[in-house]
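Everything below concerns the one structure shown next.
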Amino acid sequence: MTFGSSISTCLGKYANFKGRAIRSEYWWFYLFFVIISIVSSVISGVMFEFGDPMSQGLPAIVNLAFTLPLLSAGARRLHDIGKSGWWQLILLTGIGAILLIIWWCSDTKSDGDKYNL
C-alpha cells in the first residue's frame, strides 16, 4: 500500500474498528500523523510566542482529531495479526507500548476470517 492510499483508507475508515489493516497501511498512516503533528507544532510556534497558552491549541486539536482514526487503524492492525483491538488498552500502562509496537510490526497471520468482516 502506498502513502496516499493508506491515508485515504484510514481516514475513510475514520471510526471503523472492524476488519484488518496491513502493516504498511498502519505505518504509513502513523507517519502521516507524525508529520501533521510536527507541522501543526511549527505553525503554532510561528503564530504564538514561546510559553503562550494559545500555542498549544492547534497541536491539541490535531492530536484530538487523529486519536480516533489512530485507534481504529491500530485495532484493525491487531486484527490482522489475530489479536483483539482491546489490547490497545495496555498503552495505559506505559510499558505496554513496547508490546504493541512489536505486534504492530509483526507479519500478517491468516487465522481464518475471525476479524475479516
Would you confirm whether or not the range 107-116 contains a residue that is part of a helix (DSSP H, G or I) and free of Cβ contacts under 8 Å to residues at least 40 places away in the same chain? no
Just for the range 24-55: of the residues that are of a type in the set (D, E, K, R) and surrounded by 12 or more Cβ atoms within 10 Å (Cβ to Cβ), which one is farthest from the chain's Cα centre (by Cα)? D52
Exactly one of S72, S110 is crowded, with 17+ Cβ neighbours inside 10 Å, out of contact with any Leu (no Cβ under 9 Å at 6 or more places or on another chain) and polar (S, T, N, Q), and that residue is S72
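Within the range 13-26, take every residue that is aromatic (F, W, Y) and in a loop (DSSP other than H, G, I, E, B) and give me the one that is farthest from H79 (Cα to Cα).
By that ranking, first place goes to Y14.
Let's see how each residue does on (1) part of a helix (DSSP H, G or I); (2) over 22 Å from T108 (Cα atoms); (3) at pLDDT 95 or above:
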position: W28; (1), (2), (3): yes, no, yes
position: V34; (1), (2), (3): yes, yes, yes
position: V46; (1), (2), (3): yes, yes, no
position: F50; (1), (2), (3): no, yes, no
position: P59; (1), (2), (3): yes, yes, no
Sort out which residues of the range 82-99 are more than 12 Å from the chain's Cα centre (by Cα) and either part of a helix (DSSP H, G or I) or buried (at least 19 other Cβ atoms within 10 Å of the Cβ) (or both), and write them in order of number. G85, W86, W87, L89, I90, L91, L92, T93, G96, A97, I98, L99
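The values are calculated or read from the model by the stated rules, or taken from the named source; none is laboratory data. All of these numbers come straight from a predicted model, not from anything done at the bench. Backbone-built Cβ (ideal geometry, glycine too); neighbour counts: all protein chains shown.
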